[in-house]
Amino acid sequence: MRFKSRYLLCELVLEDPRRRQNLSQGTVLYNVKEAVARLHGDFGAAAVSIALSVKYLNAYTGIILLRCRKDYHKFLWSSLPFITSLENRGQRYPCLINTLHVAGTIRSCQKFLIQYNRQQLNRLLKNCTTPSEKEAIRKSIASCSLQNVEEQEYEEMA
């Protein structure tokens, strides 16, 4: 029998974005488990932690991909807004975690993330002042596609 999973694509927003470099997947996982335990008690903590994992953490953009069992993903989802700080090596970093997308596969999260990044680049394009900035962002927008990502993965495998 196969256990189905849910993937939560989240954005980590810190007061000081440079602090994201100090965070690891273990730190995020520990703080998420603590938040679930605070809100949903022992049962919620046990149910979520069975298959909870951080599949992806990008320290530069603050994007996190969490995986948990389908039956208990709502415990995790409802706990994320209550994380107000991350504790790492005795230091607390004030933060908030926005859930961007919930999906059944990593691939659908990738598709959403590409579309989301394209929207963010379009917003940046409106705020550009110099022609060189506009050209650089236009090139970035043109390169945003899942086909380009798949081609890069294929080239790395070969």
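Rule-based calculations on the coordinates, nothing more; no lab input. Computed from a predicted model, the values in this text were never measured in an experiment. Note: ideal-geometry Cβ built from the backbone for every residue, glycine included; neighbour counts use all protein chains shown.
Computed values, structure above
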| quantity | calculated |
| --- | --- |
| Magnitude of the charge dipole, the chain, Cβ model with Lys/Arg +1 and Asp/Glu -1, debye to 20 | 380 |
| Cα-based convex hull volume of the range 71-132 per residue, rounded to whole Å³ | 169 |
| Ranked packing of 101-112, 85-96, most packed first, by mean Cβ within 10 Å | 101-112, 85-96 |
| Listed residues L8, A59, Y93: farthest to the positive end of the dipole of the chain (Cβ charges) | L8 |
| Positive-end residue, the range 82-136 charge dipole about Cα centroid, Cβ charges, pick of C109, F82, N127 | C109 |
| Convex hull volume per residue in cubic angstrom - Cα atoms of the chain | 143 |
| The chain - percent relative contact order, Cα under 8 Å, separation 6 or more | 28 |
